[in-house]
Amino acid sequence: MQHGRILFNGSVWIGAAECAVSLKDRLRGLLGRASLGPDAALLIERCGTVHTVGMRFALDLVFLDRAGRVLRVVRGVRPGRLWVGGGWRAARTLELEAGCLDLTVLRVGDTLEWKEG
């Protein structure tokens, strides 16, 4: 896993982000974790759909295209869902613990940026 931050409008929006790039990290995702925390997220590359089977907590999801533009925001996805998709252009998924960040600030078309380090 790579560690970094998520920027929104040029400012740090999520300070403790991880990025799953390898097949192993993308398949594992957040499985086995008890929580993520209030200022944390997982960005999964090459991922346009997710499941929450085996999850221990609900998720908020932000689906992004290849350029990091917001395509869809889904709030409060409970554990046990077999499929939640972001649409045919979705290339990345940002997973957050449900309710930890105010997602009402995001609009379709906004851009999020991954900053390593």
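The values are calculated or read from the model by the stated rules, or taken from the named source; none is laboratory data. Nothing here was measured: the structure is a model prediction, and the numbers come from that model. Glycine also receives a Cβ, built like all others from the backbone with ideal geometry; neighbour counts cover every protein chain displayed. Remember, those area values only see protein heavy atoms, side chains included, never the ligands or the DNA or RNA. Shrake-Rupley method; radii C 1.70, N 1.55, O 1.52, S 1.80 Å.
Details
- Selection status of Ala16, at pLDDT 95 or above and either under 13 Å from the mean Cα position of the chain (by Cα) or part of a strand (DSSP E or B) (or both): yes
- Search result, residues across region 30-54 that are over 17 Å from Gly86 (Cβ atoms) and either loosely packed, with under 13 Cβ neighbours inside 10 Å or of a type outside the set (Lys, Arg) (or both): Leu31, Gly32, Ala34, Ser35, Leu36, Gly37, Pro38, Asp39, Ala40, Val53, Gly54
- Flag if Leu27 is of a type outside the set (Gly, Ala, Ser) and open to solvent by less than 50 Å² (accessible area, probe 1.4 Å): no
- Taken as a whole, the structure places Phe57 among residues that are farther than 21 Å from Arg5 by Cα, open to solvent by less than 30 Å² (accessible area, probe 1.4 Å), modelled with pLDDT of 90 or more and of a type in the set (Phe, Trp, Tyr).
- Residue tally, condition touching a residue at least 60 places away in the same chain (Cβ under 8 Å) and open to solvent by less than 30 Å² (accessible area, probe 1.4 Å), over region 9-24: 3
- The number of residues in region 84-117 being touching a Lys or Arg at 6+ places or on another chain (Cβ under 9 Å) and in a loop (DSSP other than H, G, I, E, B) comes to 11.
- Close pairs from region 91-104: first at positive phi, partner assigned to a strand (DSSP E or B), Cβ under 9 Å, at least 6 apart: Gly99/Asp60; Gly99/Arg75; Gly99/Gly76
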